[in-house]
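Taking it in order: structure first as structure tokens, then the write-up.
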Amino acid sequence: MNRAAVAVREAIPGAAERHRGELAAGRQALREAFSAGKLAPAALLRRHAQLIDGIVRDVWQELELPREAALVATGGYGRGELFPGSDVDLLVLLPGDPDAAQRERLERLVGAFWDVGLEVGHSVRTVESCLQMARADVTVETALLESRYLSGSRRLFSRFEKSFRAQVDPAAFLKAKKLEQEQRHAKHQDTPYALEPNLKEAPGGMRDLQIIHWTGLAAGLGSRWSDLARHGLIEAGEARQIARHERALQDLRIRLHYLAGRREDRIVFDLQGALAAQYGYRDGGERRASELMMQQYYRAAKTITQLNTIVLQNLEARLSPRPERPRQPLNERFQVNGELLEAVDERVFEREPLSILESFLLLMQHHELRGMTAGTLRALWRARFRIDGRFRKDEIARLLFLQLLQQKQGLVHEFRRMNQYGILGRYLPEFGRIVGQMQHDLFHVYTVDQHILMVLRNLRRFTMPELAHEFPLCSELISGFDRPWLLYIAALYHDIAKGRGGDHSELGAQDVRAFAKRHGLSREDRELVEFLVANHLAMSGVAQKQDVHDPEVVRAFTERVGSERRLVALYLLTVADIRGTSPKVWNAWKAKLLEDLFRAARRVLTGEPLARDAALAEKQAEATRLLRLYALSDGVKDKLWAQLDTPYFLRHDAQEIAWQTRNLHYRVDTTVPVVKARLAPFGEGLQVFVYTKDREALFARICGYFERAGFNIAEAKIHTTRNGYALDTFLIMGQGRDSHYSDRIAAIEHDLAADVLAQGELAPPRSGRLSRRVRHFPVTPVVDIRPDERGAYHVLSFVASDRPGLLYSVARTLAEQHLNIHTARVNTLGDRAEDVFLVSGEALSRSKSVLQIEQDLLKALQI
């Protein structure tokens, strides 16, 4: 080692001590100035970054690193904003791969940064590797988007910056960031209303503003909110509103970091009281100071989510303009603009307030609509105060609200949207009073309004056959429950009286009684919803605090319930309620106690020990009757049916069950694939089922065969039996008017069985002919992947334009990611495919892998 290097090494310990003192003193001065109100949040972040700039430059120069290398700030630090507890993200840019001597110097550099007291996130890359990483990973691309030169070779940094800017595709960047946002929101249950929200990552947090900022940078639209207003993407008032909320979030995050003494982005209970005191809140009446502070936070978060929706929609229209299509009128007030609902005249909400509720009803009735245009959303928000006492007394408004509750799809999504835009709280003032209201107990993790909407969501999930595996008994029960929308009313009101003092169950029962009378419910229905709200805690209380095997306990409980219909309704509401408090509250023990109580009470009320819902038992009885027509005894089904669970019987009708049982009862453990086809019992096409030992890519191979054979898959029901066999049923249709289905049955049974056994790679998908409607009116692909309620599987859903080979393209993509398909609901509505899969696989445990799967699927779905 030469003398110069030794001298540098010997000088480092003294320099590190000096820099540590400089860093500590500088940070303390910033904290004192901020606490005294002499430093605004943005100024603190900027000055903190400048303090770090000076230290890292000094360390870089003291170590005499190669002149041809460059030191670069990235991420938030590159933006010139550094929070008190945030990492210092640095990139060491090299002209080529480092040799051994350079690697040693770089290791000393990182060690020196840590010696100084900096928490550094660092990477060492060449320009080429930066560009390659950015192309492969949108997170890296985002960090490099805000790169800032610190020291070293300006020429190298300029070359990197020029090359990086040249390769950024703003439209692709926005598409990837929107997927990332959807994934991030899903982790936080798509709500900002957690009791300990993450102000950086949760909906309505800083990331929801930053995605707009990053896209503006990528597109060259500027770095300030006023720049976006100048380009016509937001209004000047919205730009000021965004800037105000950004300052508030910055201020809150700075205070969180200082109070916690480290990086802390969750507004945790431990710090809420201290934060409220710093902001000057005081306890008052029945509301704590922390509750008042958090309610302000939730209002800000709600506004940010609204603005995020509007601005991203405008950015997407600017960066990825779709071919101009003629507006399609829905009625005299609304029309379809692309895939969005648009008011013909944005003043319609002010002029005809009933159209406010009508707009949400149209979104539910037209599932091809993805939302509302930015202008319509703005107009809706501004007109919310037109929902007043006179509006609430209008009989048409009341009928519209009941229609909303009775829709087959979109209920949860639109009720959340109604809450987000203040519509639900205006129509139901009692609901408006609990928006953003906290719950201080040991199990709720959401505000009251969000808990209520989570319970509503859980009830809706019980009605979806593709999710029947989550809570099979609940799915059985609700499938036979008449007027299930009454349960949704009970869900809306069960906790609506919290925070008023007194028994919230009794007060809520009074509220729902008044609602039922106003909306003209029958006496029977009024009594049911009132009973459910008044007793919504009764079943969980008995199950968890008393002996459910004690006949006297069961008898007393059934006397309180009174009828089987009330028992079923109360059980469904209780499961949905407990699941809606927190994902951690529900467990197998509570599930068993509740189910044992339900079954015991049902036996008392009905006088017969029904193990299954009547509708399900009726379906099985009909299948057994059909088997007798083939001279098969009642016992032949037992071995096969023992391997089939509740979701199978829910998804298949009696004819399908009998057909499959007739062909499989004597070969349940077969080693040879069983393929059977028949003319579709109803309508055109063939129905085909495949029974074979389950293995990787099986579904893809089946779909590939149908594609090559010239069939479109109109419907698929994928099922995995208890003994590890795949039992997959398809409805297929030929391409062309004269498909001669009967003549092809034998060939399908023989050839598909051979294909199922085939090894080797999957063939690439072929491009098929698109329908004229798809060519002119394509559906924008949407992919969503999120864990199911039990955390054992993931629910993968997508919407896209249907085309030949679409399902094979999707199945092949899943197979390439080594994902296992456990169940599937494949549904084709005209030229629109809406499919849901239950999948598992190691890749789903990693956020980046999930994002990559979503991107691969979107690519496969693109026409």
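Filtering segment 350-369 to residues that are over 30 Å from the mean Cα position of the chain (by Cα) and either assigned to a loop (DSSP other than H, G, I, E, B) or closer than 29 Å to I212 by Cα (or both) leaves E352, P353. Restricting segment 580-602 to residues that are modelled with pLDDT under 90 and basic (K, R) leaves a set whose member that is surrounded by the fewest Cβ atoms within 10 Å (Cβ to Cβ) is K584. When segment 88-110 is filtered for residues that are assigned to a loop (DSSP other than H, G, I, E, B) and open to solvent by 50 Å² or more (accessible area, probe 1.4 Å), the ones remaining, listed by number, are P95, D97, D99.
Please verify whether I452 is within 19 Å of the chain's Cα centre (by Cα) and surrounded by 21 or more Cβ atoms within 10 Å (Cβ to Cβ), treating the condition exactly as stated. Before you say what the answer is, go through the steps one by one.
Numbers: within 19 Å of the chain's Cα centre (by Cα): yes; surrounded by 21 or more Cβ atoms within 10 Å (Cβ to Cβ): yes.
Yes.
Is it the case that V448 is closer than 18 Å to K498 by Cα and of a type in the set (A, V, I, L, M, F, W, C)? Yes: the conditions hold for V448.
Every test in (1) among the aliphatic types (A, V, I, L, M); (2) open to solvent by 30 Å² or more (accessible area, probe 1.4 Å); (3) touching a Phe, Trp or Tyr at 6+ places or on another chain (Cβ under 6 Å) is passed by A239 save one, and that test is (2). Under the condition of being surrounded by 17 or more Cβ atoms within 10 Å (Cβ to Cβ) and assigned to a helix (DSSP H, G or I), the residues counted in segment 486-515 number 17. Scanning segment 780-794 for residues that are at pLDDT 85 or above and surrounded by fewer than 20 Cβ atoms within 10 Å (Cβ to Cβ) turns up T780, P781, V782, D784, R786, P787.
When Q306, Q313 are checked against the criterion of being out of contact with any helix residue (DSSP H, G or I) (no Cβ under 6 Å at 6 or more places or on another chain) and either in a helix (DSSP H, G or I) or over 22 Å from Q420 (Cα atoms) (or both), Q306 stands alone in meeting it.
From the list A815, A860, A843, the lone residue that is assigned to a helix (DSSP H, G or I), over 27 Å from E470 (Cα atoms) and of a type in the set (G, A, S) is A860. In the set K619, K676, only one residue is of a type outside the set (V, I, T), modelled with pLDDT of 95 or more, at negative phi and open to solvent by 40 Å² or more (accessible area, probe 1.4 Å); that residue is K676.
Yes or no, residue by residue, for (1) more than 30 Å from E834 (Cβ to Cβ); (2) open to solvent by 20 Å² or more (accessible area, probe 1.4 Å); (3) in contact (Cβ under 8 Å) with a residue 24 or more places away in the chain; (4) touching a Leu at 6+ places or on another chain (Cβ under 9 Å):
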site	(1), (2), (3), (4)
A343	no, no, yes, yes
E350	yes, yes, yes, no
M364	no, no, yes, yes
H367	no, yes, yes, yes
M372	no, no, yes, yes
W381	no, yes, yes, no
R386	yes, yes, yes, no
L404	no, no, yes, yes
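For segment 627-656, a tally of residues being open to solvent by 30 Å² or more (accessible area, probe 1.4 Å) and either in a helix (DSSP H, G or I) or in contact (Cβ under 8 Å) with a residue 40 or more places away in the chain (or both) returns 14.
Just name the residue that is modelled with the lowest pLDDT out of those in segment 725-740 that are more than 22 Å from D653 (Cα to Cα) and not charged (D, E, K, R). Walk me through it before giving the result.
Pass one, segment 725-740, residues more than 22 Å from D653 (Cα to Cα): 734-740.
From the residues that got through so far, the ones that are not charged (D, E, K, R) too are 734-736, 739-740.
Details: G734: 82, Q735: 66, G736: 57, S739: 62, H740: 80.
The selected residue is G736.
Take the conditions open to solvent by 10 Å² or more (accessible area, probe 1.4 Å) and in contact (Cβ under 8 Å) with a residue 12 or more places away in the chain and apply them to L473. Does it pass? Yes: the conditions hold for L473. For segment 816-843, the set of residues classified as surrounded by fewer than 21 Cβ atoms within 10 Å (Cβ to Cβ) and aliphatic (A, V, I, L, M) consists of L829, V836, A843, listed by residue number. Considering only residues in segment 23-47 that are buried (at least 17 other Cβ atoms within 10 Å of the Cβ) and hydrophobic (A, V, I, L, M, F, W, C), the one that is farthest from M206 (Cα to Cα) turns out to be L23.
Could you look through segment 111-162, keep only residues that are part of a loop (DSSP other than H, G, I, E, B) and not polar (S, T, N, Q), and pick out the one that is nearest to Q181 (Cα to Cα)?
Within segment 111-162, the subset part of a loop (DSSP other than H, G, I, E, B) is 117-119, 137, 146-147, 153.
Checking which are not polar (S, T, N, Q) leaves us with 117-119, 137, 146.
On the way: G117: 33, L118: 30, E119: 27, D137: 15, E146: 19 Å.
By that ranking, first place goes to D137.
Listed by first and then second residue, the pairs linking a residue in segment 673-699 that is over 13 Å from T729 (Cα atoms) to a residue that is open to solvent by 10 Å² or more (accessible area, probe 1.4 Å) and in a loop (DSSP other than H, G, I, E, B), with Cβ atoms under 6 Å apart and 6 or more places separating them unless they lie on different chains, are D694/G724. Checked against (1) in contact with a helix residue (DSSP H, G or I) (Cβ under 7 Å, 6 or more places away or on another chain); (2) within 30 Å of F730 (Cβ to Cβ); (3) at pLDDT below 90; (4) open to solvent by 40 Å² or more (accessible area, probe 1.4 Å), L610 passes all but a single condition, namely (2).
Identification of helices (runs of 4 or more DSSP H) wholly contained in segment 382-430 with 2 or more residues that are among the acidic types (D, E) and in contact with a strand residue (DSSP E or B) (Cβ under 6 Å, 6 or more places away or on another chain) yields no element. Residue selection: A172 fails the criterion of being assigned to a helix (DSSP H, G or I), small (G, A, S) and surrounded by 18 or more Cβ atoms within 10 Å (Cβ to Cβ). Of note, L249 does not satisfy the criterion of being open to solvent by 20 Å² or more (accessible area, probe 1.4 Å), aliphatic (A, V, I, L, M) and touching a helix residue (DSSP H, G or I) at 6+ places or on another chain (Cβ under 6 Å).
When residues in segment 317-349 are screened for being closer than 22 Å to R426 by Cβ and either in a loop (DSSP other than H, G, I, E, B) or hydroxyl-bearing (S, T, Y) (or both), 4 of them pass.
Being polar (S, T, N, Q) and more than 39 Å from the chain's Cα centre (by Cα): is that true of Q28 here? Explain how you work it out, then say what you get.
Values: polar (S, T, N, Q): yes; more than 39 Å from the chain's Cα centre (by Cα): yes.
Judged against the criteria, Q28 is a match.
Could you identify the single residue in G704, G710, G734 that is in contact with a Lys or Arg (Cβ under 9 Å, 6 or more places away or on another chain), open to solvent by 10 Å² or more (accessible area, probe 1.4 Å), in contact (Cβ under 8 Å) with a residue 12 or more places away in the chain and not β-branched (V, I, T)?
Working: G704 fails: open to solvent by 10 Å² or more (accessible area, probe 1.4 Å); G710 fails: in contact with a Lys or Arg (Cβ under 9 Å, 6 or more places away or on another chain).
Within the list G704, G710, G734, the selection yields G734.
The single condition among (1) over 25 Å from L292 (Cα atoms); (2) open to solvent by less than 10 Å² (accessible area, probe 1.4 Å); (3) out of contact with any Asp or Glu (no Cβ under 8 Å at 6 or more places or on another chain); (4) not β-branched (V, I, T) that G220 does not satisfy is (2). Do we have E196 as assigned to a helix (DSSP H, G or I) and either modelled with pLDDT under 95 or open to solvent by less than 50 Å² (accessible area, probe 1.4 Å) (or both) here? Judged against the criteria, E196 is not a match.
The values are calculated or read from the model by the stated rules, or taken from the named source; none is laboratory data. Given the structure is predicted, the values throughout are model-derived calculations rather than measurements. No Cβ is skipped: glycine too gets one built from the backbone with ideal geometry, and neighbour counts run over all protein chains shown. Surface areas here come from the heavy atoms of the whole protein model, side chains and all, with no ligands, DNA or RNA. Shrake-Rupley method; radii C 1.70, N 1.55, O 1.52, S 1.80 Å.
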